[in-house]
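Single-structure report; data block below.
The values are calculated or read from the model by the stated rules, or taken from the named source; none is laboratory data. Just so we're clear, the structure is a prediction, and the values are computed from it rather than from any experiment. So basically every Cβ, Gly included, is an ideal-geometry build from the backbone, and we count neighbours across all protein chains shown. These accessible areas exclude ligands, DNA and RNA; they are computed on the full protein's heavy atoms, side chains included. Shrake-Rupley method; radii C 1.70, N 1.55, O 1.52, S 1.80 Å.
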Amino acid sequence: MLQLSLQVSSIHTCGASILNENWALTAAHCVKWYNASSITLYAGSIYLSSGGTTHNVSEIIIHENYDGSDSLVNDIAVLKVSNPFQIDGVDVKPISLPPPDQNPPDGMLAEVIGWGELGEHGDSSDTLQKVNLAIINQAECRRIYVAEQEHVYDSQICAGLPVGIGGSCRGDDGGPLIVEGNVVGLVSWSYHCALPEYPTVYTRVPVYVDWIKQNTGV
């Protein structure tokens, strides 16, 4: 399993993904206000309450151009752990980075996973959840959020459900948006939670593959 629970003071806060035995990938806004010593990563179980292993974070690297006041642009960070992930390819395995030029077409099937709230103001889940979404047209996503006085940048990608309710919610932030086995996005922000008229905005990971490799050596 490639999904991690990012915990602050042992409380699930965000999602993250394993890059290799020493590094994990998440959103910058998940770790911006914390010291590394207050963050742990929980690996190896679909249940938050049992079966996993805890890994202490020793270093946080946030993208140098992250701007929390401007649509969370460059919302990406990597975390180094002091006690390595025990990668076995089954219960604990690294996520696959996309090619730098991967650009999923509109309507492409994508999957988001996490332990976030089960709907607006809902309870968090003890069991890892997943939902299938579709990549949303970039111009359409921009149009939707201009009305809310928010920007959607080229370094971001949108996904959601055209009808019905489902998608990422609070507690899923930093977790992966997966297309064809590759992480193409990181849960960043949305207006409210999993509403069909407001797609979730994700950090577009292909834009940052070189940055990830330069900072982690993966």
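Using the Cβ-Cβ distance between HIS192 and GLN86 with R0 set to 45 Å, the FRET efficiency from 1/(1 + (r/R0)^6) comes to roughly 0.70.
The share of accessible area on the range 42-105 that comes from carbon and sulfur is 47 percent, using a 1.4 angstrom probe.
Springs join every pair of Cα atoms under 10 Å in this Gaussian network model of the chain, and among GLU197, GLU148, GLU180 the largest mean-square fluctuation is at GLU148.
The solvent-accessible area of LYS213, taken with every protein chain present and a 1.4 Å probe, is close to 100 Å². Averaged per residue, the chain has 44 square angstrom of accessible surface, using a 1.4 angstrom probe with ligands and nucleic acids left out. Taking label points 7 Å from Cα along the Cα-to-Cβ direction, ASP210 and ASN35 give a separation of 3.6 nm.
Within a Cβ distance under 13 Å of GLN156, other residues only, what is the Lys/Arg minus Asp/Glu net charge? With Lys, Arg at +1 and Asp, Glu at -1, the net is -3.
For the peptides 78-90, 181-193, what is the packing order when you average, over each peptide's residues, the other Cβ atoms within 10 Å and list the highest mean first? The partial results should precede the final answer.
Values: 78-90: 15.8, 181-193: 21.7.
For the peptides 78-90, 181-193, the packing ranking is 181-193, 78-90.
Grab the other residues whose beta carbon is less than 11 angstrom from that of ASN74, score K and R as +1, D and E as -1, and report the net. Mind dumping the intermediate values first?
Values: positive: ARG204; negative: GLU64, ASP67, ASP70, ASP75.
Net charge around ASN74: -3.
Among PRO99, PRO199, PRO176, the largest mean-square fluctuation in a Gaussian network model of the chain (Cα springs under 10 Å) belongs to PRO99. Computed over the alpha-carbon pairs of the chain, the distance histogram in 5 Å steps reads 1, 8, 17, 21, 22, 17, 10, 4, 1, 0 percent, short to long.
Count the net charge of all other residues whose Cβ sits under 14 Å from the Cβ of THR40, scoring Lys and Arg as +1 and Asp and Glu as -1. Numbers along the way, then the final one.
Working: positive: LYS80; negative: GLU59.
After counting each charged neighbour, the total is 0.
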